[in-house]
1. At 7 Å along the Cα-to-beta-carbon direction for both Y41 and V21, put a label point, then send me their distance in nm to one decimal.
2. Please give the length that would be gained between H94 and R118 if that part of the chain were fully extended, namely 0.36 nm times their separation in residues minus their C-alpha to C-alpha distance (nm, one decimal).
3. Which order do the peptides 131-140, 54-63, 39-48 come out in when sorted by mean C-beta neighbours inside 10 angstrom, highest first?
Amino acid sequence: MAEGMRPPSVDEWDDGGRFPVLRGMLENFARVDDGFGVALYVDGKVITGHAVGRSAWLRALAGQTEHGNGAISAAVRVALRDVASGYEDEAPVHATQIQHVHLVNVTVQGPVETEVVRMPQLEVALARVSGWSLSNTPRHPG
């Protein structure tokens, strides 16, 4: 194994090492503006979406604010974009520090087939996730 490429020990994880592969993927994709489709299992629900880095997620969130709503909406958009830019300037987050999955193009499926909610973005705490899988969810609805 190359110098500096050793996997973290269990002692380095904040939660005993839950989901190291998912966290590693989130760490690597946070450095590029691409992401990947994922299904998360949370409290009996299946949440599918396209996982992106927090900067891309914040920019998508800023894009959802209503443009015709005056100065307050404009200020919210600017603030979210400024925060996203600040994250881009920081050193990359190590997999052991990742606490959330940032999703775009989200579908939440409840235990009953008719319980389906779609939303543009969602932040999911990893502490609430009981399992995960890759999915073919695209980044943009289509």
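1. If labels sit at Y41 and V21, their model points lie 1.4 nm apart.
2. 5.6 nm
3. Put in order of decreasing packing, that is 54-63, 39-48, 131-140.
Throughout, read-outs are computed from the coordinates displayed, never taken from laboratory work. These figures come from a predicted structure and were not determined experimentally. In this analysis, Cβ positions are derived from the backbone assuming ideal geometry, glycine residues included, and neighbour counts consider all displayed protein chains.
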